[in-house]
1. Within the accessible area of the chain, what % is carbon and sulfur when the probe is 1.4 Å and the other protein chains stay in place?
2. Which residue fluctuates the most in the chain, going by a Gaussian network model with Cα springs under 10 Å, if the choices are G129, G142, G46?
3. Nearest-5 percent of antiparallel DSSP beta bridges in segment 82-219?
4. Write down the accessible area per residue of the chain in Å², having rolled a 1.4 Å probe over the full set of protein chains.
5. Regarding the chain, what's the average projected area of the Cα-atom convex hull, expressed in nm²?
6. Can you compute the charge dipole magnitude of segment 17-132 about its Cα centre, using +1 on each Lys and Arg Cβ and -1 on each Asp and Glu Cβ, nothing else charged? Give it in debye, rounded to the nearest 20.
7. Can you give the helix-only mean residue ellipticity at 222 nm for the chain, where every DSSP H stretch with n ≥ 4 adds -39500 (n - 2.57) and the sum goes over all residues, rounded to the nearest 500 deg cm²/dmol?
8. About its Cα centre, what dipole magnitude does segment 55-102 give when the only charges are +1 on Lys and Arg Cβ and -1 on Asp and Glu Cβ, stated in debye to the nearest 20?
Amino acid sequence: MSRLLPELYDARFDDREISSKDVVWREIVAFLQRYIDAAAPVLDIGCDRGHFIRWVRAEERWATDIRDVGDRLPTDVRFVRSSGLELAQAVPSGHFGTVFMSNYLEHLASGDEVIEQLRIARQLLRVGGRVIVLQPNIRLVGPRYWDFIDHRVALTDRSLLEAAELAHLRTVDLITRFLPYSTKGRLPTAPLLVRGYLRLRPAWWLLGRQTLFVGEVAS
């Protein structure tokens, strides 16, 4: 599957959709900033085109992906080409204040790899550092979860929480219904409308199909 990733992702979103995603992500990151220590480094695992990392405020901004996407990122972002499961050998341990993953864990090969990825994220964090995971929830999405050929692990809010506990992460926040399943779906793309959605929690219950988990490395 990894040999097909560049053409797979290039085919999945056209230029107009990529531009729309950036508008949406600017507002999502502004919302998530409350969980992020801006005075510490941030690492984005599976960064894709940098929709998260380009907007986050942090002392240092790092991004990793199995594909070579460094030329698509802002020049101040430190890009490391690596599998997420090999990051312990690729970036400094105990260095980061935040490790972020969005729509990533479902691409791993098994539940064991999900737990291992969270353990590696914990290893990379400082004491008090946080893991932020934005994850489609198969219990809410249903069969549409498998509309993407590279989805391999079925996760819910409960299984994600269990995996985090096995990785020895303390739960800070768990929002079962947060964002719609995909930017191809019903989330508006105009900045004011996205901002309004994020401020209106009843809308999350109506449209939310992705879960937001925030975990912390306890002292």
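The values are calculated or read from the model by the stated rules, or taken from the named source; none is laboratory data. Predicted model, so just to flag it, every value in this text is computed and none were measured. As a convention, Cβ positions derive from the backbone with ideal geometry for all residues, glycine included, and neighbour counts pool all protein chains shown. The area values use the complete protein model at the heavy-atom level, side chains included, leaving out ligands, DNA and RNA. Shrake-Rupley method; radii C 1.70, N 1.55, O 1.52, S 1.80 Å.
1. Values: 5160 of 10400 Å².
Roughly 50 percent of what the probe reaches on the chain is carbon or sulfur.
2. Fluctuation is largest for G142.
3. Roughly 70 percent of the DSSP beta bridges within segment 82-219 come out antiparallel.
4. With all protein chains present, the chain gives 47 Å² per residue.
5. Averaging across all directions leaves 11.0 nm² for the Cα convex hull.
6. Details: 15 positive and 17 negative charges, 72 e Å.
That gives a dipole near 340 debye.
7. -9500 deg cm²/dmol
8. Working: 6 positive and 7 negative charges, 17 e Å.
With only Lys, Arg, Asp and Glu charged at Cβ, the dipole is about 80 debye.
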